[in-house]
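S.K.: Dumping the structure here so I can ask a few things about it.
The values are calculated or read from the model by the stated rules, or taken from the named source; none is laboratory data. Values in this document were obtained by computation on a predicted structure and should not be read as measured data. Methodologically, a virtual Cβ is constructed for each residue, glycine included, from the backbone with ideal geometry; neighbour enumeration extends over all protein chains shown. Just the protein is used for accessible areas: all its heavy atoms, side chains included, with ligands, DNA and RNA removed. Shrake-Rupley method; radii C 1.70, N 1.55, O 1.52, S 1.80 Å.
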Amino acid sequence: YELMMRMHMQEAIFAGVGLGAFAALKLAQLAPAAAMKLYFVHPSGLVNGRRHQLYTSLLLPLALQRLSGRPLLLKRMARSLYTAPTAADLQWWAMLQRHRPVDTAPLPLFEAGDFDLVQNPVYCFGSRGDIISPGPPLLKRANAIFPSLAGTLLSEQEKHYPSPQLAQQLAQFIWETR
């Protein structure tokens, strides 16, 4: 918000994926009048995935990979998060594991009333295969928490990190509805 003010921007379109969506949600919560439209893809902070699934598919492979250095464990983790994992994704996670431990603490969830002052359109996209922010509960919670919810989309095949094809479709949708 401070950056917006320094640039003399009164309002903007807020968009984000995962933790980026969480940051955009916090910005919308702090400055609701500045949010012209809001687009969130698999936003963190609305729902949490099942702990058992998060531990076995994500956290345990990350911890074991950190101890053993076996890239196969990163591939297992990536298949749980990415619709179409690439070599670059695996390299990024390996670098992250070498230089910085991943914070696995769950984010605080937003509550009913947190977005009552947001009056401009909100769009929320979820995926059934997302283990971090599962799609059906995510969209149900979005309906309850955003009074100005303008649209939702549930993808049947995607995971937390969307495929390049879905990313392109979402970018096109945002461009057309801006």
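S.K.: Mind checking which of H52, H99, H42 has the largest fluctuation in a GNM of the chain, springs on alpha carbons under 10 Å?
M.R.: H99
S.K.: Taking Cα atoms, how many degrees apart are the long axis of helix 71-81 and the longest axis of the chain, rounded to 10 and kept between 0 and 90?
M.R.: That works out to roughly 30 degrees.
S.K.: If I fit a long axis through the Cα atoms of helix 19-30 and take the longest principal axis of the Cα atoms of the chain, what angle between them do I get, 0 to 90°, rounded to 10?
M.R.: The helix 19-30 is inclined about 30 degrees to the chain.
S.K.: What FRET efficiency would be calculated for the residue pair M4, L64, taking the C-beta separation as r and a Förster radius of 35 Å, to the nearest 0.05?
M.R.: It comes to 0.25.
S.K.: Kindly identify the range 123-168 as rounded, prolate or oblate by the Cα gyration tensor criterion: order the square roots of the eigenvalues as a ≥ b ≥ c, call it rounded if a/c is under 1.5, otherwise compare a/b with b/c, prolate if a/b is larger, else oblate.
M.R.: oblate
S.K.: Give me the number: length gained by fully extending K140 to K75, i.e. 0.36 nm times residue separation minus the C-alpha to C-alpha distance, one decimal in nm.
M.R.: 20.3 nm
S.K.: Per the 1.4 Å probe, what fraction of the accessible area of the chain, in percent, lies on carbon and sulfur atoms?
M.R.: Carbon with sulfur: 58 percent of the solvent-accessible area.
S.K.: Rolling a 1.4 Å sphere over the protein heavy atoms, what is the accessible area per residue of the chain, to the nearest Å²?
M.R.: In whole numbers, the chain has 58 Å² accessible per residue.
S.K.: Any idea how many Lys pairs in the range 21-178 come in under 23 angstrom at the alpha carbon, given 8 or more places apart or on separate chains?
M.R.: 5
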